[in-house]
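The values are calculated or read from the model by the stated rules, or taken from the named source; none is laboratory data. Just so it is clear, the model here is predicted, and its values are computed rather than measured. A quick note on method: Cβ atoms are made from the backbone with ideal geometry, for glycine too, and the neighbour counts reach across all protein chains shown. Side chains are part of the model used for accessible areas, which takes the heavy atoms of the whole protein and leaves out ligands, DNA and RNA. Shrake-Rupley method; radii C 1.70, N 1.55, O 1.52, S 1.80 Å.
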Amino acid sequence: MAPSIVLIYSEELLKECDKIPNLIGRASMIFELIKAYGLLKNLVVLTPRKALFEDLLLCHTPSYLHYLQSCDGDEESSDKDEEYGLCYDCPKFSNLYEFAEVIAGGTISAAEALIAGCKFAINWSGGWHHAQSDRADGFCYINDIVVGIQKLVSHFPRILYVDLDVHHGDGVENAFSCTKRVFCLSFHIHEAGFFPGTGSVGENGFGSGKGFTANFPYRRNISGRKFQDYFLRTSRLVRERFNPSVCVVQCGADVIAGDPLGGANLTPEDVSKCLKEVMSWDLPCMFLGGGGYNHPNASRHFATLTATITQSGEVSDDIPEHEYFNKYGPGFERSIFPNNLNDFNTEESLNETFRTIENDLNQFIK
């Protein structure tokens, strides 16, 4: 009998995830806080396998994967680096192909757990939604989400992908924009100059997949109340019309107040309420990590979400003593509070976006 809730973990997975530029050491901080809170007793820890080359081909081109292989042990710049996105925000580092095998393997293992009958699978070391089929982008070298969803497609008829990261989930949307089997729903900031620049409400899929993509763009400093309200309204509508068999939720922590690369004004409790809605649908769910560039806040965020998913009840606001305890000063509290900022989102603009999505669903999903 499959366990009810699994957490994907291995020392190798943390070691590789800790290498990601701008996120160095974050994966270990997240796991150690979850462990310090005693949350591991409420789930089963599952050691992931490595992805095979044929697994990675479910998303990526052979030429990109072969180039990653050719980079192993080589951090010197090459004329081809820019072609494959291995520059700027995705610089080369040693053993890139092995890194890709391990990172993708975590999410593949989560998908295989759901296929085996697990209810909830958690992989906070996954969620790298910007990588494209033929290049790295946005700190994402391998699109573990696409590979994992492709695994789920072999077993579940309809997959709903929900992206809560403050940045548009462009790599995942691009992979599935022409299919009816996977519905991509992304909530994100969409403003001039904000990465990756895609994800307007008018982007709703192509060809046979027209209408099976929904983007809910918002402006900076969105409040938790408004985010929750429109998440509940939109996700319920999509669930009703699409009728998913399984859900994949990317829970990027850069949506939390104070993130240096973010711009939203949410708390982990706001995101937890969104997860509770998805969990109430009584479907198998995979929960993945993603962005989050204030490392202590990201750890607070993912520990809070782990407590929510495992239904662990009230979790102390006092950070437990552990290896990274000093990183949480000066307050040493789990709570994160919204900033006193002007919310640039009006009820009128958010409602207009919701109505556009509703009209698309009415038009394309009969």
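In terms of the Cα gyration tensor, with a ≥ b ≥ c the square roots of its eigenvalues, is region 3-128 rounded because a/c is under 1.5, prolate because a/b exceeds b/c, or oblate? The shape class here is oblate.
Between ARG49 and PHE337, the FRET efficiency estimated from the beta carbon spacing at R0 = 35 angstrom works out to 0.30. With the convex hull of its Cα atoms as the shape, the chain has an orientation-averaged projected area of 17.3 nm².
Close amide-amide hydrogen proximity is noted between GLY85 and ALA136, each under 5 Å apart and 5 or more residues distant or on a separate chain (H modeled in the peptide plane; Pro and chain starts excluded). Summarising the amide proton neighbourhood of ASP163: residues at separation of 5 or more, or on other chains, whose placed amide H is nearer than 5 Å comprise LEU185, SER186, PHE187, GLN250. Test of understanding: extend the Cα→C-beta vector of GLU269 to 7 Å, then name every residue of region 283-302 with backbone N under 17 Å from that spot. Only 300-302 pass the distance filter. Residues whose amide H comes within less than 5 Å of that of ASP259, counting only those at least five positions distant or on another chain, are absent (H built at 1.01 Å from N in the peptide plane).
A full extension of the chain between GLU76 and GLU11 corresponds to an added length of 20.6 nm, given 0.36 nm per residue minus the alpha carbon distance.
Ignoring everything except DSSP H segments at least 4 long, calculate the 222 nm mean residue ellipticity for the chain; use -39,500 (n - 2.57) per segment, divide by total residues, nearest 500. Estimated from H runs of four or more residues: -11500 deg cm²/dmol.
Couplings for region 119-134, taken from phi via the Karplus curve 6.51 cos²θ - 1.76 cosθ + 1.60 with θ = phi - 60°, read 7, 10, 10, 10, 9, 6, 8, x, x, 8, 8, 8, 4, 9, 4, 10 Hz in order; Gly and Pro are left as x. Sparse packing (at most 16 other Cβ atoms within 10 Å of the Cβ) combined with a DSSP loop state is found for the following trypsin sites (Lys or Arg not before Pro) in region 31-130: ARG49, LYS80.
What is the list of residues in region 99-135 whose amide nitrogen lies under 15 Å from a point 7 angstrom out from the Cα of CYS87, following Cα to Cβ? Answer for this model: 135. For the chain, excluding the exposed loop sites themselves (GluC sites (Glu not before Pro), DSSP loop, at most 13 other Cβ atoms within 10 Å), the longest remaining stretch covers 192-313. Counting only protein heavy atoms and a 1.4 Å probe, tell me what percentage of the chain's accessible area is made up of carbon and sulfur. For the chain, the apolar C and S fraction of the accessible surface comes to 49 percent. Available extension along the chain between SER245 and ASN326 is 24.9 nm, counting 0.36 nm per residue and deducting the alpha carbon span. Check each of the trypsin sites (Lys or Arg not before Pro) in region 211-305 and keep only those in coil by DSSP with at most 12 other C-beta atoms within 10 angstrom; list them in order. Within region 211-305, no trypsin sites (Lys or Arg not before Pro) qualify (loop, at most 12 other Cβ atoms within 10 Å). For the chain, the solvent-accessible area of protein heavy atoms averages 39 Å² per residue (probe radius 1.4 Å; ligands and nucleic acids excluded).
Of the residues TYR328, TYR67, TYR9, the one with the largest accessible area comes first in the ranking TYR9, TYR67, TYR328, computed with a 1.4 Å probe on protein heavy atoms. Spin-label pair ALA2-SER312: with each label point 7 Å from Cα along the Cα-Cβ axis, the two points sit 2.3 nm from one another.
What shape does region 270-352 take by its C-alpha gyration tensor, where a ≥ b ≥ c are the square roots of the eigenvalues and a/c under 1.5 counts as rounded, a/b above b/c as prolate, and the rest as oblate? Because a/c hits 1.5 or more and a/b fails to exceed b/c, region 270-352 counts as oblate. Need one word for region 201-338: rounded, prolate or oblate. Basis is the Cα gyration tensor (sqrt eigenvalues a ≥ b ≥ c); a/c below 1.5 gives rounded, then a/b vs b/c decides. Prolate is the answer for region 201-338, as a/c is 1.5 or above and a/b outweighs b/c.
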